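See structure below.
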Amino acid sequence: MSATAWLELIASGLITGGIYALIALGLNLQYGLMRILNIAHGEFLMLGAYLTWLAHTQLALSPLVMVPLSFAAMMVLGVAIHFLCFRRLTATSPNLDVFEARGLMVAFGLMFLVQNLVSWQWGGDLRGYDYLTEPVKLGEAQFAANKLLVLGLALLFSGALIVLMRQTLLGKGVRALMQSPVGAQLMGIDTKTLHPLIFGIGLGLSGVAGALLSMAYTITPYMGQPYTVTALIVITLGGFGSMGGALIGGLMLGVIEAFGMHFTNPSLKALLSYAVFIAVLILRPEGLLTRKTRKA
Amino acid sequence: MSSRQLLIRDLLVLLAFAGWALALPAYASDFVTAMALTCLMYVALSSSWGLFCGSTRYLSLATSAFFGVGAYTTALLLADLGWVQTIALGAGLAMLVALVMGAAVLHLRGTYFAVLTFGMTELIMHAVTYFEKKVTGTVGRVLTVVPDNHVIYLTVLALAVLAVVVSIVVRRTRFGLALMGIGADEQRAQTLGVNTRLVKIAGFALTAGFAGAVGAAMAVRWTYIDPHTVFNPFIGFQTVLITLIGGVMTLWGPLLAAIIFSVLAESLRLQFPQIYLMSLGLLLILSVLYLPGGLASLRWETFKAWWYDTRDWAKDLKREITGQKERDKQRLKRREKESYFV
Amino acid sequence: MTPKSNKMPDKSFSADFYISLFGEFMVQLTKRKLLQNAAATVGAATFAPHLLAQAKPVRIGYAMARTGPWTGGAQVSQEPNYLLWAEQQNAAGGLNVKGERRMIELISSDDRSDIETCVRTYEKLMGSDKVDLVLPPWGSNANFAVAPLANRFGYPFLAPTALSKKLIEMKLPYFFLMLQQPKPMCDALVDMLKANGVRSVALIYVDDLFGLENYAALKVALQGSGINLVEEKSYPSGVKDLSPVLRSIKDKNPDAFVGFTYPPDTILASKQAKEVGFNPKYFYASVGTAFQLYRNVMTPAGAEGVLGMGSWNSKTSAGAKAYFDAHTKKFGGKEPDRWASGACWAALEILTNAVAKNGLNRKAIRDYVASTTHKTILGDIKFDGSENVGTPGTVSQWQKGEFEVVWPQKVATAKLIAKPAW
């Protein structure tokens, strides 16, 4: 295989991985901070994709404009959902295990609700549109313009989030909460405002991923679930609660999948992904990229 | 009511239900019977799921995997073995898979376990697809020799009744107590001498056996099965939803919810199909938030408590709106300050 | 609410009669606006003219995917045709039942893309409601489940969206498959490629019965043809990214690319082939290329030259043009697809003729369908057992915004052109 071919392979792996990382980061925020495993995450991605498609076909808004708009829309939705559903759970659950289990169930219900709401509203037909599909040449290698855009924006948003986490006071508060909820509250960090905000940011990220995906792929009401599963695999690889782990894990998974598909065939890839997922969960539940500090 | 009386009451109710279900095909149309069949299928699945996952609070999403294993057993072996043997073998193979799966993953709790069982279901589905493709060169299987509809109905009815009977009996044994103990506080149960590992694996295998048997029985209704149809995660999801809404720790909750949802599904399907699924999701959210015990835990006190809660909330809102709350707060603050001088 | 259609009084205008008709009307209302209008039209057509006609309506039942994964295909290739047909027949005064005109009453419900629901609905329609005729559901899986039922109850089924050798091997006398099976389609493809000097071909195929059967048929067809199969990769349905596979195929530089793919993958493969710069002389993607959706998503310029499974368009015959125009007009610009929709309409034509000659005697209808050569918009259709051996295997190509049949010559609507770069 020529050098160009290798480059193209790695790059296409990174592009897919960038999307994975974006979604995983959102999921990670929600789980790491609030121990809410939001398995409806993919549905909000789908919602973001539909909003972008609607805006593009009905209002002729460029998808680029829709990227921050879907972020904002999903964030508002996230705050509302947290307020309506999860706040009460925090108050009424006797211990963390029960809270996690109940949170999982509520997310379950949300998944059904959102998926079928969209299916009811817009029907089950495949939708898609054409945006920036002209190929761009980087040296010898060739990529679609929209894919490069997707990679760029995904890395940008992930980077922004990590910077937010590390440099700003808000980020420090979040990390403090993740390390020790009680201690952080004693220090005066207000969980009441922080939790909904972070939940909203998590969903906002998934909305952005949806907007980016809609540029390159067809959208259906059922497209969200596989991404939720992939996000779960990524945060397992990277470690629950670790931002950097989610980013690197996502990119890694994308590249591994690309290689897997190239050297074997795509059918085997699905098998391999799940096998890796289960192996990691069983053998090293705290993730490949974290230190052994968190108990499973 | 004493434990004995409860037992008799439970068994009588079960007998009545079984009798009614048995008589149904005689006087109802084919369609209603088919609906009852689906209902009974979910009764069997959710009762057995609730038995293990309800008591121990290990949420398993692997029902679809066991269902699929049972279905494939029928597809491969029905032509060679008899009906009862095939069902039994389906259950047996599913239990075997559960034993292996359980031994590997039952030491993880909560969300990890749920996510892991889901991953395993997908893994099994892809593995079966790949194997079928490479080794046997086909993907789906056609069932050419199928038993009569009536036989299928009786089988699923028997499985449903068996599932409820097992639930009733297990709750009265040490095994059942051990399961509930694991759910309440696993570490404490271990210190009290319960071999949690063995108990968990046994419970998991029990769930799997029922799912496998039901899968084996239902496969013949569809003539052609392929991995995507029988390993469909929706079967597992719906089982979980029904049991959770019905009341995961209760005996009759899953049964009640299965009946309600079958009727709901059918009546909504004709007019507003997506609304059925949306309402399922909404009901789940509402029940987790406001009725964690499920439908079966509804009592007069629950309604009274809701009424009081709503009334209190409304009162509080009124106070806040009229500013009374603020005034009370200020008054309290002043009193506090004054009390320093006493 | 279940349709109360099993207690029809005999030729009298009692209240029950109108109430049950009204009940039928209610059942047909669905959420999709276009179909809602269509159903309302049919309902009105059944309701009002009945005051004039004196005969019982013909009750025709079916289950169709209106929610769930099968919806896309079902609502493009099948259900619109059923509604259009009922409307056209009723507008002409009703279905011709051996000389007598009787209005059509469609009794339909959503099967939620769930086999169990499908089986149950058909059991009800044929077993308890005892409708006069049934129309098939969408997709091979559903048809597999329902075919034995059709046989048991003795209702002829003409299925336009079922494709499998196994179904034919089941030798069910009441079941007829309209679409060309893998062997004739692959033979046609290979003949066309051979005639145009193709030496090498690369293949990807979806991981299910459709993909596997076509893969096997293609391999058989390629034997002795002098064409080399340089790549054969399978992929799971729902795959998100085919570019690594396409890149490696590009490196091997085949003359032709063949994909046994479903609509989402067809679009994915086309888009990613463009991205990767993979420009074989012949690009064939089986299912989905016949849909209007493909042209919309790829743009007409982007779709130019792409090959796929298609067997007709409005140029095939006058009847085809009339059907195409009626469909587009009724559904607000939504065109029928160039493969299964045509087969669906042909099936309805055959059914219409069968009922005209044999009344509602289902065994007679079945015998008529099995033994006659039928003239339809697709040309002549006749059945050998369950298989349609009248329509030959065909290959179609997008040319200037229309999916033209380019092979074989006798049914071609245009000549094969070279595919321009994406």
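The values are calculated or read from the model by the stated rules, or taken from the named source; none is laboratory data. Quick caveat, the model's predicted, so the values are computed rather than measured. A quick note on method: Cβ atoms are made from the backbone with ideal geometry, for glycine too, and the neighbour counts reach across all protein chains shown. Areas reflect the complete protein model, heavy atoms only, side chains present, ligands, DNA and RNA absent. Shrake-Rupley method; radii C 1.70, N 1.55, O 1.52, S 1.80 Å.
Before we move on, is C:Leu167 over 25 Å from C:Leu106 (Cα atoms) and within 17 Å of the chain's Cα centre (by Cα)? Yes: the conditions hold for C:Leu167. Would you call A:Phe83 surrounded by 24 or more Cβ atoms within 10 Å (Cβ to Cβ) and outside any loop (DSSP other than H, G, I, E, B)? So A:Phe83 does not fit the description; no.
Inside the stretch A:238-250, residues that are touching a Phe, Trp or Tyr at 6+ places or on another chain (Cβ under 9 Å) and open to solvent by 10 Å² or more (accessible area, probe 1.4 Å) make up a count of 2.
Considering the stretch B:239-285 alone, what residues qualify as being more than 30 Å from C:Ile107 (Cα to Cα) and within 8 Å of another protein chain (Cβ to nearest Cβ)?
B:Val240, B:Leu241, B:Leu244, B:Leu282, B:Leu283, B:Leu284, B:Ile285, listed by residue number.
Okay, residues lined up against (1) open to solvent by 60 Å² or more (accessible area, probe 1.4 Å); (2) of a type in the set (Ser, Thr, Tyr); (3) away from every other protein chain (no Cβ under 12 Å); (4) over 30 Å from C:Lys130 (Cβ atoms):
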residue	(1), (2), (3), (4)
B:Ser3	yes, yes, yes, yes
B:Asp10	no, no, yes, yes
B:Leu22	yes, no, yes, no
B:Leu59	no, no, no, yes
B:Thr74	no, yes, yes, yes
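Scanning the stretch B:132-159 for residues that are at the interface with another protein chain (Cβ under 10 Å from one of its Cβ atoms) and either in a helix (DSSP H, G or I) or touching a strand residue (DSSP E or B) at 6+ places or on another chain (Cβ under 8 Å) (or both) yields a count of 8. Counting only residues that are more than 11 Å from chain C (Cβ to nearest Cβ) and either closer than 16 Å to A:Pro226 by Cβ or not in a helix (DSSP H, G or I) (or both), the stretch A:266-275 holds 2 of them. Among the residues of the stretch A:59-70, the ones that are open to solvent by 50 Å² or more (accessible area, probe 1.4 Å) and either within 16 Å of the chain's Cα centre (by Cα) or among the small types (Gly, Ala, Ser) (or both) come to 2 in all.
Inspect all residues belonging to the stretch A:127-136 and state whether any of them is out of contact with any Leu (no Cβ under 9 Å at 6 or more places or on another chain) and crowded, with 22+ Cβ neighbours inside 10 Å. No: zero hits.
Listed by position, the helices (runs of 4 or more DSSP H) contained in the stretch C:83-177 that have at least 2 residues being closer than 27 Å to B:Glu266 by Cα and of a type in the set (A, V, I, L, M) are C:115-123, C:140-153.
Within the stretch B:81-102, does at least one residue satisfy the condition of being open to solvent by 10 Å² or more (accessible area, probe 1.4 Å) and not in a helix (DSSP H, G or I)? Yes: the stretch B:81-102 contains one or more residues that are open to solvent by 10 Å² or more (accessible area, probe 1.4 Å) and not in a helix (DSSP H, G or I). Of all residues in the stretch C:163-178, those that are of a type in the set (A, V, I, L, M, F, W, C), more than 25 Å from B:Thr129 (Cα to Cα) and open to solvent by 10 Å² or more (accessible area, probe 1.4 Å) total 1. If you go through the stretch B:288-342 and keep only what is within 30 Å of A:Ala101 (Cα to Cα) and assigned to a loop (DSSP other than H, G, I, E, B), you end up with B:Leu291, B:Pro292, B:Gly293, B:Gly294, B:Leu298, B:Arg299.
Take the conditions (1) free of Cβ contacts under 8 Å to residues at least 60 places away in the same chain; (2) within 24 Å of A:Arg127 (Cβ to Cβ); (3) surrounded by fewer than 23 Cβ atoms within 10 Å (Cβ to Cβ); C:Ile267 misses just one of them, which is (3). Total residues in the stretch A:138-188 satisfying the condition of being surrounded by fewer than 17 Cβ atoms within 10 Å (Cβ to Cβ) and of a type in the set (Val, Ile, Thr): the figure is 4. When A:Phe240 is tested against (1) assigned to a helix (DSSP H, G or I); (2) away from chain C (no Cβ under 13 Å), just one condition goes unmet, and that condition is (1). If you go through the stretch C:255-303 and keep only what is over 23 Å from C:Pro236 (Cα atoms) and away from chain A (no Cβ under 14 Å), you end up with C:Asp255, C:Pro280, C:Lys281, C:Tyr282. Among residues of the stretch A:251-280 being open to solvent by 20 Å² or more (accessible area, probe 1.4 Å) and β-branched (Val, Ile, Thr), the one that is farthest from B:Leu108 (Cα to Cα) is A:Thr264. The requirement of being at the interface with another protein chain (Cβ under 9 Å from one of its Cβ atoms) and under 25 Å from B:Phe272 (Cα atoms) is satisfied by A:Gly109.
When the helices (runs of 4 or more DSSP H) confined to the stretch B:1-80 are screened for residues that are free of Cβ contacts under 8 Å to residues at least 12 places away in the same chain, those reaching at least 2 such residues are found at B:3-27, B:30-49. Taking the criterion of being within 23 Å of C:Asp367 (Cα to Cα), out of contact with any Gly (no Cβ under 9 Å at 6 or more places or on another chain) and at pLDDT below 90, the residues of the stretch C:118-142 that qualify are C:Glu123, C:Gly127, C:Lys130.
Can you pull out every residue in the stretch B:236-264 that is open to solvent by 10 Å² or more (accessible area, probe 1.4 Å) and either among the hydrophobic types (A, V, I, L, M, F, W, C) or without any contact (Cβ under 8 Å) to a residue 24 or more places away in the chain (or both)?
Correct list: B:Phe237, B:Leu244, B:Val248, B:Met249, B:Leu251, B:Trp252, B:Leu255, B:Leu256, B:Ile259, B:Ile260, B:Val263, B:Leu264.
Taking the criterion of being at the interface with chain A (Cβ under 10 Å from one of its Cβ atoms) and either polar (S, T, N, Q) or over 32 Å from the mean Cα position of the chain (by Cα) (or both), the residues of the stretch C:245-254 that qualify are C:Arg247, C:Ser248, C:Lys250, C:Asp251.
Listed conditions (1) within 14 Å of chain A (Cβ to nearest Cβ); (2) at pLDDT 80 or above; (3) outside any helix (DSSP H, G or I) are all met by B:His107, apart from (2). As for the stretch C:396-413, it holds at least one residue that is without any contact (Cβ under 8 Å) to a residue 12 or more places away in the chain, over 13 Å from C:Gln180 (Cβ atoms) and part of a helix (DSSP H, G or I). When A:Leu64, A:Leu54 are checked against the criterion of being at pLDDT 80 or above, assigned to a helix (DSSP H, G or I) and either under 30 Å from A:Met261 (Cβ atoms) or within 14 Å of chain B (Cβ to nearest Cβ) (or both), a single residue qualifies: A:Leu64. Within the stretch A:127-182, the residues that satisfy the criterion of being under 23 Å from A:Ile198 (Cα atoms) and outside any helix (DSSP H, G or I) are A:Thr168, A:Ser180. Annotation note: Cβ proximity below 7 Å between a residue of the stretch A:142-155 that is at positive phi and a residue that is at pLDDT 80 or above (sequence gap 6+ or interchain) occurs for no pair.
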